[in-house]
């Protein structure tokens, strides 16, 4: 008795699986390209950093915003390829060094004085690549019974990858930044005892400006004296890796206890300074050390909680 062959069914779902496999392989392919391509470093100042919550309870999602501005005013979207949640701990105005791939301009790493944020190899990026491999494997398995499966895969897998790159572009260069970048006076006027004449302008102020050599009594019981002018670089014994990436300065101080954490170095330029509390060599040698933006010139050391600023341009 003759048997009738079972119809093969429509091939479109199986061919579509090849497109999905190609799309899923994009993160892995990009990672491989970046691993072999050369990189470049761009110095910038962090101009935006934050997150926005969307949805309602039970269906909440977050989007992340992180933009750095270079010396010529060009803006870089640091979170365009994902990983923006890891950048929200950085303070606006902080100096950063952005590592980019020469292959496609992708932002791979963002280095701040506080440490390195590895966007390319962060937990989210690694999870995405592993998931992509699994989805691609499933797509190739489902498509194996399609007519002329190998020929179809050779065409549709690259096509799926190409369509993904075109439909979901992740452009990091976003043009000229249209807003002012945070000034290095860090929301103070010069002198910092000044109150703005514009009632709509919000600034900090101190009650008193003292010269180098004056004793400053702080709220935590410590007496601090700035003993000399600002010096370039870190003291001996400090981590040379910090100076490799950022300009640094040190303020010679004598303190009877721990230096207050709410102490800011402000001055001329753009961006903000970052105190290097992770450098034990600074405290042991009698310095307050800071990573500073390019072109920064120190003016005042501000003890914010104590409403006092030391004029670092005064004569000891």
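I'd like the residue in the stretch 176-187 that is loosely packed, with under 13 Cβ neighbours inside 10 Å and in contact (Cβ under 8 Å) with a residue 40 or more places away in the chain and, out of all such residues, is nearest to residue 288 (Cα to Cα). Let's see the steps before the verdict.
From the stretch 176-187, those loosely packed, with under 13 Cβ neighbours inside 10 Å are 176, 178-180; that's our starting set.
Now restrict to residues that are in contact (Cβ under 8 Å) with a residue 40 or more places away in the chain: 176, 179.
Details: 176: 35, 179: 31 Å.
That would be 179.
Are any residues in the stretch 122-173 surrounded by 14 or more Cβ atoms within 10 Å (Cβ to Cβ) and in a loop (DSSP other than H, G, I, E, B), and if so, which ones?
Answer for the stretch 122-173, where residues must be surrounded by 14 or more Cβ atoms within 10 Å (Cβ to Cβ) and in a loop (DSSP other than H, G, I, E, B): 122, 146, 170, 172.
With the condition kept exactly as written, say whether any residue in the stretch 127-144 is without any contact (Cβ under 8 Å) to a residue 24 or more places away in the chain and under 19 Å from residue 168 (Cα atoms).
Within the stretch 127-144 (the criterion being without any contact (Cβ under 8 Å) to a residue 24 or more places away in the chain and under 19 Å from residue 168 (Cα atoms)), the answer is yes, since at least one residue qualifies.
Condition first: closer than 18 Å to residue 273 by Cβ and either modelled with pLDDT under 90 or out of contact with any strand residue (DSSP E or B) (no Cβ under 6 Å at 6 or more places or on another chain) (or both). Now tell me which residues in the stretch 211-231 satisfy that.
229
Determine whether the stretch 244-251 contains at least one residue that is in contact with a strand residue (DSSP E or B) (Cβ under 8 Å, 6 or more places away or on another chain) and within 26 Å of residue 207 (Cβ to Cβ).
Yes, the stretch 244-251 has at least one match.
Condition (residue is surrounded by 14 or more Cβ atoms within 10 Å (Cβ to Cβ) and part of a helix (DSSP H, G or I)) applied to the stretch 188-200: is it met by at least one residue?
No, that holds for no residue.
Which one of these is modelled with pLDDT of 90 or more, farther than 21 Å from residue 221 by Cβ, touching a strand residue (DSSP E or B) at 6+ places or on another chain (Cβ under 9 Å) and surrounded by fewer than 23 Cβ atoms within 10 Å (Cβ to Cβ): 298, 291?
So the residue among 298, 291 that is modelled with pLDDT of 90 or more, farther than 21 Å from residue 221 by Cβ, touching a strand residue (DSSP E or B) at 6+ places or on another chain (Cβ under 9 Å) and surrounded by fewer than 23 Cβ atoms within 10 Å (Cβ to Cβ) is 298.
Hey, among 84, 105, which residue is buried (at least 21 other Cβ atoms within 10 Å of the Cβ) and touching a strand residue (DSSP E or B) at 6+ places or on another chain (Cβ under 7 Å)?
It is 84.
For the stretch 87-106, name all the residues that are under 10 Å from the mean Cα position of the chain (by Cα) and outside any loop (DSSP other than H, G, I, E, B). Spell out how you get there, then give the answer.
The first filter runs over the stretch 87-106 and keeps only residues under 10 Å from the mean Cα position of the chain (by Cα), leaving 87-92, 94-98.
Within the stretch 87-106, 87, 95, 96, 97, 98 meet the criteria.
The values are calculated or read from the model by the stated rules, or taken from the named source; none is laboratory data. Keep in mind the model is a prediction, meaning the values are calculated, not measured. Cβ atoms come from the backbone with ideal geometry, glycine included; neighbour counts cover every protein chain shown.
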